[in-house]
Amino acid sequence: MKLTKLVFNNYRSFGQTDTTIEISDLTAFIGHNSSGKTTVLSALQKLFGNSKITKSDFHIPLDKTADEIEKSNFYIEAYFEFFDGDSEGSEEDDYGIAAYFENFMVDQPGGNPYIAIRLDASYEKGSSPEGIIDYKYHYVVDKGEDGQKPMSAYDRAKIQVIYIPAVRNPSEQLKNASGTILWRILNQINWKESDKERINEKIDEVDNEVAKQSGITIVKKIVSSQWKNYHNDSRYNEANIKFGSSDLDNILKKLEVEFTPSHTEKAFKVDDLGDGLKSLFYLTLIDSLLELENEAIKEIKNRISDEERVLNIDPPALTLILVEEPENHVSPHLLGKVVKNLSNIRSKSNSQVLITSHSPSIIKRVEPTEIRHLRIENGATIAKEIVLPEKQDESYKYVKEAIRAYPELYFSSLVVLGEGDSEEILMPKFLNLYMDELDTVGISMVPLGGRHVNHFWRLLSQLNIPFITLLDLDREREGGGWGRIKYAIKQLISNGISKSELLTVKGGKVLSDEKLDNMHEWNQAGYEYIDGWIKMLERYNVYFSKPLDIDFLMIENFLDAYLETLEKNEGPLIRIDESEKQKRIQELDEQEKQTLAYQERIESDMKRALKKNGGEGNTYTEKQKELMIWYSYFFLTRGKPVTHLQALNYIADDVLQENIPDVFINITDKVKLLLEIEDA
């Protein structure tokens, strides 16, 4: 038995149209503050916990205030499915079937049976501040009001919730007080009368041993004597000093958990643990509670008699663990253990886990398909699943691993999709020149290597997160130049942009599919018109580092800063004269740069930069051709991130701003437009 779907209507941040959220064994809810994450968990507390329904649970439309609401209604529906399509799953569901069989529904022949549980609540303005609130729980057994059947409190109790709030005190739940997790665990033990008698005998033995101590005898005598001076009620004549109550419940309340490294070392109490370890142990106790309930279900299914049962509880058919911000109190290096503990809990047949989180460290450990992204749109919560390419698609694994590696994109106000590490380092630097407090804006840089961009576009569009893409033009590289323009246009088309919008040329004619497919061959005719196509693509937030890539752009505009990073014995070597030693390129004079050896070096590094099957460099200026030597040295033989970081140390912000390439100014302007940021 598993929760598979929730439906909300007019509940808190959810509006007056149905919002459906699919639920898995572990479901993570993410989104900005006040987007509805806590609302989802609170709904399950209203359905199956003891949370009271209040006036604030009813949705308030944007055009009204709370005081203007005269009447209102909301409903929450929870769908639970039985079996998982195999015999093993069917057997595990036997216990839940017995409780809910009479209320089963099936949508299609051979489909899995399920139950739908609904909470209806109504509000009417009254004399008290909270107004008049009525509510009822029922099964949905058919469509329409006639298809609703009242649900008993006993049936509701067969589904339990354990709520772990964002602001929590783990210590309280680790004590054996009434209602805590530890109390629930110990309360499951089937204490037999013979066990209780033996425990009482042992307590009496302890009391007798304590009473034999001479000091205790004197204290007892004095206290009894003084006590008689204050009253004359024969019922309370003697005041004895004893170890404690022989009542089993009171004895169990004295039990504590101890942590001992070894039998020779000091034992640690729960209060000695840090908050992080307390949180982890709290999850461990929940795991233990569920395992005990599983054992109790097995005893019931095996028809073990009440006297022989080890556990004496009537366990729930399903327990829902609701965890708000599991990252709280836990240091980053322990978050992996938190997710592992939660995964252990979700793997049990009698439990599911629903979490909310703002932590990329948590979310990157959750399968993308188990994430639900919440946002507010027109005053109401919208819920979206993370849609990946089809599993058989070659892009599936790449996109899945990319979004797990960069979970920050889920929490971003805008995402810049770049080619690689260089964009990650350089783009924030350029944006900072024109935008104050970039960190507070919430922009994420995600490198994608220029691959499968349409899948990222589709994902971000679905999540309503604006994005900008910076690609390499790769002029004269295989597939570059017009090939990159063609690639970007085709990706936009696959993402829903109409061909006529993208491919209308002068005279109103639309470029044919055949001409688009052959656009890469336009390289042979040159690049006279390519800037117009680049400008057109910028309207769709697609930009290009030209003529080659962002690394070449940097040395073209800031070569001196990169040369500053060289130590005395660094730099590309060349032998100008066979009778002389090799020289560093930066040490050559103008005459030496006219030699055949230097020209051959340019040609060699040009081919290296343009890679296999690349061009001859005919579309590059003489100055750009010379820069290929430095491009090859800095970016094809050394690490790009380190090289850029070192060079940026030698570029003052005013120099950077004065020489910044136009593409980064255009991107900055678009970022401000998308985020509605005004110039200072």
Legend entry - Qualifying positions in the range 322-360 - over 19 Å from residue 277 (Cβ atoms) and either in contact with a Cys (Cβ under 8 Å, 6 or more places away or on another chain) or among the β-branched types (Val, Ile, Thr) (or both): 353, 355, 356
Inset, instruction - Kindly state which helices (runs of 4 or more DSSP H) lie completely within the range 409-489 and contain at least 2 residues that are within 22 Å of residue 537 (Cα to Cα). - result: 421-434, 453-462
Inset, instruction - Considering only the range 611-680, give the helices (runs of 4 or more DSSP H) lying wholly within it that have at least 1 residues that are over 30 Å from residue 600 (Cα atoms) and without any contact (Cβ under 8 Å) to a residue 12 or more places away in the chain. - result: 653-658, 662-675
Legend entry - Of all residues in the range 469-513 being acidic (Asp, Glu) and crowded, with 21+ Cβ neighbours inside 10 Å, the one that is nearest to residue 420 (Cα to Cα): 472
Inset, instruction - Output yes when any residue across the range 68-78 is more than 24 Å from residue 165 (Cβ to Cβ), free of Cβ contacts under 8 Å to residues at least 60 places away in the same chain and of a type in the set (A, V, I, L, M), and no when none is. - result: yes
Inset, instruction - Name the residue, out of 345, 362, that is buried (at least 20 other Cβ atoms within 10 Å of the Cβ), in the same structural domain as residue 96 (by TED's automatic domain parsing), modelled with pLDDT of 90 or more and closer than 21 Å to residue 37 by Cβ. - result: 362
Legend entry - Single unsatisfied condition, residue 562 versus (1) within 48 Å of the chain's Cα centre (by Cα); (2) of a type in the set (Ser, Thr, Tyr); (3) more than 30 Å from residue 653 (Cβ to Cβ): (3)
Legend entry - Top-ranked residue in the range 375-393 [being touching a helix residue (DSSP H, G or I) at 6+ places or on another chain (Cβ under 6 Å) and under 22 Å from residue 33 (Cα atoms); ranked as modelled with the highest pLDDT]: 384
Inset, instruction - Would you mention how many residues in the range 6-40 are surrounded by fewer than 22 Cβ atoms within 10 Å (Cβ to Cβ) and in a helix (DSSP H, G or I)? - result: 2
Legend entry - Members of the range 627-656 found to be among the polar types (S, T, N, Q), loosely packed, with under 14 Cβ neighbours inside 10 Å and more than 29 Å from residue 599 (Cβ to Cβ), listed by number: 649
Inset, instruction - Would you mind stating whether residue 73 is out of contact with any helix residue (DSSP H, G or I) (no Cβ under 6 Å at 6 or more places or on another chain), part of a loop (DSSP other than H, G, I, E, B) and under 21 Å from residue 137 (Cβ atoms)? - result: no
Legend entry - Members of the range 365-385 found to be surrounded by 20 or more Cβ atoms within 10 Å (Cβ to Cβ) and of a type in the set (Val, Ile, Thr), listed by number: 366, 371, 381
Legend entry - Matching residues, the range 8-35, being more than 30 Å from residue 71 (Cα to Cα) and acidic (Asp, Glu): 25
Legend entry - Filtered residue count, the range 435-479, keeping only those that are touching a residue at least 24 places away in the same chain (Cβ under 8 Å) and more than 16 Å from residue 410 (Cα to Cα): 19
Inset, instruction - For the range 509-520, state whether one or more residues are within 21 Å of residue 399 (Cα to Cα) and in a helix (DSSP H, G or I). - result: no
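The values are calculated or read from the model by the stated rules, or taken from the named source; none is laboratory data. What you see is a predicted model; the values in this text were computed from it and never measured. Glycine gets a Cβ as well: all are built from the backbone with ideal geometry, and neighbour counts include every protein chain shown.
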